[in-house]
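Undergrad: Please find one structure pasted underneath; my questions will follow.
The values are calculated or read from the model by the stated rules, or taken from the named source; none is laboratory data. Not measured: the values here are computed from a predicted model. Glycine also receives a Cβ, built like all others from the backbone with ideal geometry; neighbour counts cover every protein chain displayed. Protein only, heavy atoms only, side chains kept; ligands, DNA and RNA dropped before computing areas. Shrake-Rupley method; radii C 1.70, N 1.55, O 1.52, S 1.80 Å.
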Amino acid sequence: MTNPQQMMADLAWQIECGADEAIGEEAGFLSWKGLTAKTRLQAEESRRDEPALAAPSAPPPRAVVSIVPPVAAPLPAEARPRVAAQTLEELREEVSRFEGCALRATAMNLVFADGNPASPVMFIGEAPGEEEDRQGKPFVGVSGQLFDRMLAAAGIARSGIYISNILFWRPPGNRTPTDAEIASCIPFVERHIALIKPKVLVLLGGVAAKTLLQTKEGITRLHGRWTTYSPPPESGVDAALPCLPLYHPAYLLRQASAKRQAWNDILLLKKHLTDNNILINNE
Ligand code: URA
């Protein structure tokens with residue numbers, strides 16, 4: 001049950017995003033005036049004109065997100081780690097034994113996933129940060145707290161979704177992951193998606209979006225646009241999945257001006273779930 005303090009924090013976040021009107025049945029689910037076709041169009045226009053991500057004016061918080069994410073080239077077939085896991089437990093075990101990613105040597109813990117494995121919605125971020133490394137759980141640090149607030153504002157409990165990252169270990173000092181690190185983890189991520197079988201895949205930030213969509217387009221262009229994730233045949237997923245890239249919460253911590261667009265994007269996710277009768281078990 002959400003406590004009054006939490007509700008006030010959620011409300012403050014929505015107001016910061018420009019929300020000014022109650023819509024829908026759920027308490028606390030607001031919209032900003034003009035989620036109308038016209039404003040939506042204007043938002044699309046302004047996004048098209050957006051400059052490249054500005055360098056942060058203040059030192060970034062201790063949260064992971066790359067400003068200029070790489071696009072990891074897929075490994076040649078013979079160099080790809082073979083993933084044998086047929087269940088989630090086997091996958092976790094296999095990742096924990098995997099020695100092909102040098103990050104495991106510097107990380108404290110493996111950060112595999114969190115949330116409900118039966119959820120219809122799977123989120124994928126970039127890589128664990130300091131707090132995630134300490135706890136062995138994704139999105140539990142500062143950006144994770146913002147992420148939880150964003151979900152709560154849309155009436156989605158963190159316990160109702162499933163979340164993981166492209167990398168299973170923290171890059172030292174939260175540095176940008178290298179192509180080789182990303183490429184070594186990808187076969188596991190693909191199997192992870194195949195085992196969870198979500199109805200919707202949400203990619204948090206540029207690294208996740210560029211890697212899984214195999215595109216060079218940046219997150220400023222990709223966010224809030226529905227697309228499809230087409231899994232490689234060896235991953236075992238047989239159909240393309242609806243996929244929504246979103247700004248990474250760590251980016252929103254630095255770039256408060258993007259919060260309005262981020263809120264608009266969350267509303268798109270919420271609408272898709274409602275329109276397609278995709279229920280998230282919130283408890
Ligand atoms: N940023 C991420 O991309 N993942 C985490 O788990 C934490 C911060």
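Undergrad: Quick one: count up the residues across region 118-142 that are open to solvent by less than 10 Å² (accessible area, probe 1.4 Å) and assigned to a helix (DSSP H, G or I).
TA: Counting residues in region 118-142 that are open to solvent by less than 10 Å² (accessible area, probe 1.4 Å) and assigned to a helix (DSSP H, G or I) gives 1.
Undergrad: How many of the residues in region 98-113 are in contact (Cβ under 8 Å) with a residue 12 or more places away in the chain and out of contact with any Asp or Glu (no Cβ under 9 Å at 6 or more places or on another chain)?
TA: The initial filter retains those residues of region 98-113 that are in contact (Cβ under 8 Å) with a residue 12 or more places away in the chain, namely 98, 100-104, 106-113.
Keeping just the survivors that are out of contact with any Asp or Glu (no Cβ under 9 Å at 6 or more places or on another chain) gives 98, 100, 104, 106, 110, 112-113.
Of the residues in that region, 7 qualify.
Undergrad: Here's something else I'd like to know. Hey, does region 129-140 have a residue that's at negative phi, more than 8 Å from the ligand (Cβ to nearest atom) and of a type in the set (Val, Ile, Thr)?
TA: Taking every residue of region 129-140 in turn, none turns out to be at negative phi, more than 8 Å from the ligand (Cβ to nearest atom) and of a type in the set (Val, Ile, Thr).
Undergrad: Would you mind finding the one in Glu90, Glu99 that is at pLDDT 95 or above, assigned to a loop (DSSP other than H, G, I, E, B) and over 15 Å from the mean Cα position of the chain (by Cα)? Walk me through it before giving the result.
TA: Values: Glu90 fails: assigned to a loop (DSSP other than H, G, I, E, B).
Only one candidate passes the filter, namely Glu99.
Undergrad: Take the conditions within 14 Å of the ligand (Cβ to nearest atom) and assigned to a helix (DSSP H, G or I) and apply them to Leu167. Does it pass? Walk me through how you get there before you give the answer.
TA: Details: within 14 Å of the ligand (Cβ to nearest atom): yes; assigned to a helix (DSSP H, G or I): no.
So Leu167 does not fit the description; no.
Undergrad: Test Ser159 against the criterion of being of a type in the set (Ser, Thr, Tyr), in contact (Cβ under 8 Å) with a residue 40 or more places away in the chain and more than 15 Å from the ligand (Cβ to nearest atom), and give yes or no.
TA: yes
Undergrad: For region 171-184, does any single residue satisfy the condition of being open to solvent by 50 Å² or more (accessible area, probe 1.4 Å), within 12 Å of the ligand (Cβ to nearest atom) and among the basic types (Lys, Arg)? Give the steps one after another, and end with the answer.
TA: Filtering region 171-184 for residues open to solvent by 50 Å² or more (accessible area, probe 1.4 Å) gives 172-173, 175-176, 178-180.
Then drop every residue that is not within 12 Å of the ligand (Cβ to nearest atom), which leaves 176.
The next check asks that each one be among the basic types (Lys, Arg); those that pass are none.
No; the residues of region 171-184 include none that is open to solvent by 50 Å² or more (accessible area, probe 1.4 Å), within 12 Å of the ligand (Cβ to nearest atom) and among the basic types (Lys, Arg).
Undergrad: With away from the ligand (no atom under 16 Å from the Cβ), open to solvent by 10 Å² or more (accessible area, probe 1.4 Å), farther than 15 Å from Gly129 by Cα and assigned to a helix (DSSP H, G or I) as the only criterion, which of Arg149, Arg191 stands out?
TA: After applying the criteria, what remains is Arg191.
Residues checked against (1) away from the ligand (no atom under 16 Å from the Cβ); (2) polar (S, T, N, Q):
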{"residue": "Thr228", "(1), (2)": "yes, yes"}
{"residue": "Ala239", "(1), (2)": "yes, no"}
{"residue": "Leu252", "(1), (2)": "no, no"}
{"residue": "Ala256", "(1), (2)": "yes, no"}
{"residue": "Ile266", "(1), (2)": "yes, no"}
{"residue": "His272", "(1), (2)": "yes, no"}
{"residue": "Asn277", "(1), (2)": "yes, yes"}
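Undergrad: Does Tyr229 satisfy the criteria of being under 21 Å from Leu273 (Cβ atoms) and in contact with a Cys (Cβ under 7 Å, 6 or more places away or on another chain)? Walk me through it before giving the result.
TA: Details: under 21 Å from Leu273 (Cβ atoms): yes; in contact with a Cys (Cβ under 7 Å, 6 or more places away or on another chain): yes.
Considered against the rule, which asks whether it is under 21 Å from Leu273 (Cβ atoms) and in contact with a Cys (Cβ under 7 Å, 6 or more places away or on another chain), Tyr229 comes out as yes.
Undergrad: Cβ-Cβ below 7 Å, separation at least six or inter-chain, first residue in region 78-97 and among the acidic types (Asp, Glu), second part of a loop (DSSP other than H, G, I, E, B) and open to solvent by less than 50 Å² (accessible area, probe 1.4 Å): which pairs?
TA: Listed pairs, sorted by first residue: Glu94/Val83; Glu94/Ala85.
Undergrad: Can you pull out every residue in region 118-127 that is near the ligand (Cβ under 10 Å from one of its atoms) and either of a type in the set (D, E, K, R) or over 12 Å from the mean Cα position of the chain (by Cα) (or both)?
TA: First, the residues of region 118-127 that are near the ligand (Cβ under 10 Å from one of its atoms): 123-127.
Matches in region 118-127: Glu126 only.
Undergrad: Now a separate question. Scan Thr274, Thr211 and give me the residue that is surrounded by fewer than 22 Cβ atoms within 10 Å (Cβ to Cβ) and assigned to a helix (DSSP H, G or I).
TA: Of Thr274, Thr211, the one residue that is surrounded by fewer than 22 Cβ atoms within 10 Å (Cβ to Cβ) and assigned to a helix (DSSP H, G or I) is Thr274.
Undergrad: Select, from Leu246, Leu253, the only residue that is farther than 15 Å from Ile193 by Cα, in contact with an Asp or Glu (Cβ under 6 Å, 6 or more places away or on another chain), in contact (Cβ under 8 Å) with a residue 40 or more places away in the chain and not acidic (Asp, Glu). Working first, answer last.
TA: On the way: Leu253 fails: in contact with an Asp or Glu (Cβ under 6 Å, 6 or more places away or on another chain).
Selected residue: Leu246, the only one of Leu246, Leu253 that is farther than 15 Å from Ile193 by Cα, in contact with an Asp or Glu (Cβ under 6 Å, 6 or more places away or on another chain), in contact (Cβ under 8 Å) with a residue 40 or more places away in the chain and not acidic (Asp, Glu).
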